[in-house]
Every structure is written in C-alpha cells, then in structure tokens.
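As structure tokens, the structure follows; a few thoughts come after it.
The values are calculated or read from the model by the stated rules, or taken from the named source; none is laboratory data. Nothing here was measured: the structure is a model prediction, and the numbers come from that model. We place every Cβ from the backbone using ideal geometry, glycine too, and count neighbours over all the protein chains shown.
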C-alpha cells in the first residue's frame with residue numbers, strides 16, 4: 001500500500017488499484033484499512049505495514065503493537081485474520097495490530113528471525129517482548145497477550 005497526500009486529497013495504491021478520497025476519510029478493503037486525511041490509520045483496524053514503513057508504524061508507535069507475520073499461501077494465517085480483526089476493534093485504545101506479508105517484505109521477517117507462519121510478535125517501546133507461532137483461539141491469544149503486557 002502506498003499513500004500520497006496532496007492537501008485535502010488522499011490517494012492510495014493497493015495491489016495496483018488506485019483509490020482516492022477528498023476532504024475526509026477513505027475506506028479500502030484489504031484487511032479493513034481505514035486512512036484518515038492526515039495519513040494516519042484509524043484505531044481499531046488491522047493495517048498492513050511494509051519493510052519501508054515498519055519502523056514508523058511499529059517500532060516508533062506510542063503503544064504496544066502486535067504484528068502478524070503472514071503470507072497469502074498460509075491457511076492458518078487466514079484462519080487467525082478474523083480473530084485479529086476482532087481484537088483490533090475490542091482493544092483499539094490499548095493495542096494496535098499490524099500485519100506484514102513476509103513474501104512481499106522479507107527484510108523485517110529476516111531481521112526478527114521469523115521462520116514459521118503465522119508468527120505473532122508483540123512490540124513495546126520498539127522491542128519485541130512476546131512471540132507465538134501458529135493460530136490460536138481468541139480467548140487463548142488474549143490471555144497470552146494480557147500476560148505479556150503485564151510483564
């Protein structure tokens with residue numbers, strides 16, 4: 001995804017498809033991505049990051065960020081996506097969720113030694129503090145995240 005802001009107009013390119021919105025917000029369905037006029041992603045939406053945007057949208061984020069390392073060919077990645085969407089909405093004030101396609105963005109996956117998918121990695125203050133591999137039921141994932149956030 002690439003965003004370009006020109007005054008009150010926000011343009012985005014997702015998988016080669018251009019989207020445009022003037023003066024307000026734009027909604028695109030990739031992983032329920034919402035983009036506001038200032039180029040920031042709304043709370044409660046799982047949004048994609050890339051090798052280029054990872055530092056800005058994950059490492060420098062002001063609250064904990066759960067990153068979903070995934071790939072299109074990975075069935076468990078698709079199984080956990082709706083769970084992450086729900087958690088993103090429910091925990092919008094305290095947790096941000098981002099996803100990164102490891103096939104399209106291999107540098108970050110290599111840097112954090114992601115070997116299996118899906119890998120969920122929790123970052124706080126720019127550092128990974130928790131990681132888990134594989135899909136999980138929502139209640140189990142929330143329990144593990146809560147425990148990691150209390151440390």
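Search the stretch 112-130 for residues that are closer than 10 Å to residue 69 by Cβ and pair each with any residue that is surrounded by fewer than 20 Cβ atoms within 10 Å (Cβ to Cβ) and modelled with pLDDT of 95 or more when their beta-carbon atoms are under 6 Å apart and the residues are at least 6 apart or on different chains.
116/133; 117/71; 117/74; 118/76; 119/133; 120/132; 121/128; 121/131
Restricting to helices (runs of 4 or more DSSP H) lying wholly in the stretch 75-151: which have 3 or more residues that are touching a helix residue (DSSP H, G or I) at 6+ places or on another chain (Cβ under 8 Å) and at pLDDT 95 or above?
Working: elements: 75-90, 106-111, 138-150.
Helices (runs of 4 or more DSSP H) meeting the threshold: 75-90, 138-150.
Specify the residue that is nearest to the chain's Cα centre (by Cα); the eligible residues are those in the stretch 22-60 that are at pLDDT 95 or above and in a loop (DSSP other than H, G, I, E, B).
Taking the candidates together, the pick is 49.
Is it the case that residue 61 is under 17 Å from residue 45 (Cα atoms), surrounded by fewer than 18 Cβ atoms within 10 Å (Cβ to Cβ) and touching a strand residue (DSSP E or B) at 6+ places or on another chain (Cβ under 7 Å)? Spell out how you get there, then give the answer.
Details: under 17 Å from residue 45 (Cα atoms): yes; surrounded by fewer than 18 Cβ atoms within 10 Å (Cβ to Cβ): yes; touching a strand residue (DSSP E or B) at 6+ places or on another chain (Cβ under 7 Å): yes.
Criteria met by residue 61.
Looking at the stretch 110-127, can you tell me whether even one residue there is surrounded by 14 or more Cβ atoms within 10 Å (Cβ to Cβ) and out of contact with any strand residue (DSSP E or B) (no Cβ under 7 Å at 6 or more places or on another chain)? First the steps, then the outcome.
Residues of the stretch 110-127 that are surrounded by 14 or more Cβ atoms within 10 Å (Cβ to Cβ), as a first pass: 112, 114, 117-124.
From the residues that got through so far, the ones that are out of contact with any strand residue (DSSP E or B) (no Cβ under 7 Å at 6 or more places or on another chain) too are 124.
Yes - at least one qualifying residue is present in the stretch 110-127.
As an exercise: evaluate residue 71 against (1) within 15 Å of residue 44 (Cα to Cα); (2) surrounded by 13 or more Cβ atoms within 10 Å (Cβ to Cβ); (3) within 14 Å of the chain's Cα centre (by Cα) and give the number of the one condition it does not meet.
Every listed condition holds for residue 71 apart from (1).
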